[in-house]
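Reviewing the structure listed below.
Just so it is clear, none of the values below were taken in a lab; they were calculated from the coordinates. What you see is a predicted model, and the numbers here were worked out from it, not measured in a lab. All Cβ positions, even for glycine, are placed from backbone atoms using ideal geometry, and neighbour counts span all protein chains on display.
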Amino acid sequence: MKVITKISELREEIKQWKREGKTIGLVPTMGFLHEGHASLLKKCREENDIAITSNFVNPTQFGPNEDLEAYPRDFKKDCDLCESIGIDVVFHPVPEEMYTDAHAYVSIDTLSDTLCGKSRPIHFKGVCTVVTKLFNIVTPDRAYFGEKDAQQLAIIKKMVKDLNFDIEIIGCPIVREEDGLAKSSRNTYLNPEERKAALCLSRSINRGKEVISIGSKVENVLKEMINVIEKEPLAKIDYVSIVGLEDMQPVETVEKDVLVAMAVYIGKTRLIDNFIYKVVQ
């Protein structure tokens, strides 16, 4: 396994692999890898001749007063995991390698004005920009993203279609702890009391699945889910919402496939979770 920090060096490696006719898979990450990331890396390894991951805490997707400086990092542990899976390259640039003082941005106005995009208005512009740069550097055949970040996945798919990237975008299922909490790098922020309190998210998800499956109205599904979260004193809701799976816009009735998503603060830590409900035709 190689650790590469320079764009020019990575491009030279990729040119050689392309000449040899090898397929390339990419898993973009911000490091501090957990089992959720590992599931993406393993699928990338299985489906491509060359498996590459980026390990880069992207500053442009953090807003003012967000956790850029505090974001957890453990590069050695990340490399150990990648090597155990058989990843070929870890791309680990510094911000100055990826960005000049003045740089272009990529943004998608549609899909990004609800859910996390509403409460983190610059977030997806930063995500689209860094992913576009990674796609241009790596030129992968396939790229892998987690379904826990469902809005991000929808936006990336839309961006790839609109900008004519010849890349297959593959979503991978949410990986959970044994007690149901969705795997997240930010889970490490939680103290023991908060970690226990965070289970209100998965309890709410489970309640939402129960209620929506019997045909309850959207307002009733949201009410039931919110009630579960509000029983936890340490929880503060950012949003709980039901949106169309393709357009990320709120729905009043469940007549098509929907995303049921939430963001909840447990103490100072913002966690997200979701599930997809597909309408049987």
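Relative to the longest principal axis of the Cα atoms of the chain, the long axis of helix 123-138 makes an angle of roughly 30 degrees. Remark: C-alpha extents of region 1-160 on the principal axes read 43, 31, 30 Å, sorted largest to smallest.
In this structure, the pairs whose alpha-carbon distance is over 22 Å, taken from Lys133/Lys158; Lys18/Lys76; Lys148/Lys256; Lys125/Lys268; Lys196/Lys231; Lys6/Lys43, are Lys18/Lys76; Lys125/Lys268; Lys6/Lys43. With the convex hull of its Cα atoms as the shape, region 185-277 has an orientation-averaged projected area of 5.7 nm². Using only Cα atoms and rounding to the nearest 10 degrees, what angle (0 to 90) does helix 35-47 make with the longest principal axis of the chain? Roughly 50 degrees, rounded to the nearest 10.
Say R0 is 30 Å: what FRET efficiency, to the nearest 0.05, do Ser119 and Ile7 get from their beta-carbon distance? For Ser119 and Ile7, the calculated efficiency is 0.40. Potential lengthening of the chain between Val280 and Lys209 amounts to 24.1 nm, from the contour at 0.36 nm per residue minus the alpha-carbon distance. Size estimate for region 160-223 follows the Kirkwood approach: the inverse of mean 1/r over distinct Cα pairs works out to 14.8 Å.
The mean sequence separation of alpha-carbon pairs under 8 Å and at least six residues apart, normalised by the residue count of region 185-277, gives a relative contact order of 29 percent. Using Cβ point charges alone (K and R +1, D and E -1), the dipole size of region 185-277 about the Cα centre works out to roughly 440 debye. Short to long, the 10 Å bins of the Cα pair-distance histogram for the chain hold 6, 28, 35, 22, 8, 1 percent of all pairs. Taken one residue at a time, the phi angles of region 171-186 give Karplus couplings (6.51, -1.76, 1.60, θ = phi - 60°) of x, 10, x, 4, 9, 10, 5, 4, 8, x, 5, 5, 4, 7, 4, 6 Hz. Gly and Pro are set to x.
State log₁₀ I(q)/I(0) for region 123-281 at q = 0.16, 0.18 Å⁻¹ as given by the Debye formula over alpha-carbon point scatterers of equal weight, solvent excluded. For region 123-281 at q = 0.16, 0.18 Å⁻¹, log10 I(q)/I(0) is -0.96, -1.13.
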